[in-house]
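Report on one structure; see the data block that follows.
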Amino acid sequence: MKHFFTPNAILDKKSVQILVWGQIILAILIWTFSPSPLLPKPGEVLSAFTDLWEQGLGAELITSFVLNVEAVVLATLISLLLAYATVMPFFRPIVALFSKLRFLSLVGLTFVFTLIATSGHELKLSLLVFSVSVFFLTSMSDVLMTIPKEQFDLARTLHMNEWRVTWEVVILGQFDKVFDVIRGNAAMSWMMLSMVEGIVRSEGGVGTVLMDQNHHFRLAAVFAIQITILLLGIAQDIAIGMMKRFSCPYAFLTVEAR
Amino acid sequence: MIVPYTYRDTLLKIDHLSLEYNGRQILRDVCAEIKDVYIPGRVTGQIIALLGPSGRGKTQLFRRMAGLDRPTSGQVLIADQKGFHPVRTGEVGVVAQSYPLFAHRTIMGNLMLAALAHEPDAKIAKATVVAGLENFKLEDKADLYPCQLSGGQRQRVAILQMLICREPFILLDEPFASLDMINIEVACETISHAANLNEINTFIITTHDVSAAVAIADHIWCLGFERDLNGNPISGARIVETYDLLARGLCYEPGIITSDKAMSTIREIKERFRTL
């Protein structure tokens, strides 16, 4: 028990299970017995979820999930291409400027993207891809900026030309970190997705349902949707983690198992 | 007893090399030469130890010798069939202090990169790597990743990588730093073994471990500041002293490092080291 509060303590598998389940049960107890009248009880949330499911929440979730995967894949490809392009000085100012666009508001950009997009799906996708890409690019540029000089020296010493150096050091050498950046940005994409689906309601999606429930102040339904998104996000996070473990086993060899 | 030896061709020359950084003189008019040491009946490479206290520009000189960065003036020249040419990046192997290897490749993958740099046939390249791994007693490490090796093993892989890359000139930055006494001996053996694989193999080692330098090198260059008439250091380090350990009979004799003359040389260099 005292190890739970010891700095940098490494717990065995059983202790981790006790800790996690203990905290889950505690959270449910606090939630169940909370005196706040605004907080819907677990039973109410479960009942709201059943209703929503019967009204087609599953289909809305699939719409949102597909849109999110599309956006993350496209944003990853665009951002990686732009981040890797920074090896050439010509692209550095352009990429720096693009990454600064993360300060722009999504609501303000809707009009511009509406003029470009030909369908509701395209509009949502382009809004999402844009908003994820600017953050993805910032994180990925940071990763590439912090590659130790000695890695470049080693590649050059092995007679590699600068294109090969880029492939070995910048692309292959940092591949494991790409998964970490995807993980962070895919989560952010879910956050933005509900906002985008709230703005562009043509195709429906979980964001539209969430906005509707919010609008009518159905807190139990809002909670049910949020918890569903949370669980889906956790599953997505685990899947990306497994992809990293499979593609880059070396990345886990020096990590302290906590 | 002094082993009979002669000097043959000059292999590498540092020609009036100077370096300034942000208006500060780091290196000043550094000149040095490495000649092929020839001992009848045996293959002998060259090992030069570049000694100097911290902050004297050893690593900076090292990077210019490797062609990784350019000096402000002067040059490093490498011998070729027509005479000499300025060093090109990749022409001099480098083993940096932390023994960098590509973390995303296994030991076999790292060494294959070096082998394929010269040998387009993957089968022949792999045979070279396998032979190298056996020679350096690393055959059971081929499928491991660099982070799974000890410091000494990483050092051997890094040296082997440069040898497989067919570099006769290899620079080692502080190979004895953070090694204990036993591992310093192992590192010395590895470096000597690798240097003596080929007549023109030349290892240049930066270190501030005087005993290890005397144990392994045939020449020692001391990098430090010259002094003005008042004894104040003149900015910009130079090679202010050289020691020919071959001429002193301190090379190629088993157990010579424990002899009185070796001890006296170590003491002499340590004394000089204090004023660098």
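Values quoted throughout were computed directly from the atomic coordinates according to the rules given, and no laboratory measurement underlies them. The structure presented is a predicted model; accordingly, all values stated were derived computationally and were not measured. Here the Cβ is made from the backbone with ideal geometry for all residues, glycine too, and neighbour counts use every protein chain on show.
Below, the figures for the structure above:
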read-out: Charge dipole (the stretch B:101-166, unit charges on Cβ, about Cα centre) - positive-most of B:LEU133, B:SER150, B:ALA114; value: B:SER150
read-out: Helix A:120-145 axis, angle to chain A major axis (alpha carbon atoms, nearest 10°); value: 50 degrees
read-out: Helix A:57-85 vs. chain A, principal-axis angle (Cα, 0 to 90°, nearest 10); value: 20 degrees
read-out: Residues with amide H under 5 Å from that of B:THR202, placed H, sequence gap 5 or more; value: B:GLN46, B:PHE169, B:ILE170
read-out: Phi-based couplings in Hz for the stretch A:22-27 (Karplus 6.51, -1.76, 1.60; Gly and Pro marked x); value: x, 5, 5, 4, 4, 4
read-out: Average beta-carbon neighbours from other chains, 10 Å sphere, peptide B:92-104; value: 5
read-out: Fraction in percent of alpha-carbon pairs per bin - 5 Å, the stretch A:41-252; value: 1, 7, 13, 16, 16, 14, 11, 8, 6, 4, 2, 1, 1, 0
read-out: Inter-centroid distance (Cα atoms) of the stretch A:1-65 relative to the stretch B:141-192, Å; value: 52 Å
read-out: Between the stretch B:27-58 and the stretch A:148-211, the alpha-carbon center distance in angstrom; value: 47 Å
read-out: Set of lysines near A:LYS100 by C-alpha distance (under 16 Å), chain-local residues within fewer than 8 positions excluded; value: none
read-out: Highest to lowest packing among A:179-189, B:17-27, B:156-166, scored as the average C-beta count within 10 Å; value: B:156-166, A:179-189, B:17-27
read-out: 10 Å Cβ neighbours from other chains, averaged over peptide A:147-154; value: 5
read-out: About the Cα centre, charge dipole magnitude for the stretch B:101-166 (Lys/Arg +1, Asp/Glu -1 at Cβ), debye; value: 160 debye
read-out: R0 of 60 Å, Cβ-Cβ distance A:ALA239-B:LEU197: FRET efficiency to nearest 0.05; value: 0.75
read-out: Per-residue average of Cβ from other chains inside 10 Å of A:155-165; value: 6
read-out: Amide H within-cut-off set for B:GLY74, under 5 Å, with H built and near neighbours excluded; value: B:SER18
read-out: Reach of B:LYS58 by Cα under 25 Å, taken over lysines that are not fewer than 8 positions away in the same chain; value: A:LYS149, B:LYS13, B:LYS35, B:LYS270
read-out: At 1.002 mPa s and 20 °C, Stokes D of chain B from Kirkwood alpha-carbon radius, µm² per second; value: 110 µm²/s
read-out: Built amide H within the under 5 Å cut-off of B:LEU11, gap 5+; value: B:ILE34, B:LYS35, B:ASP36
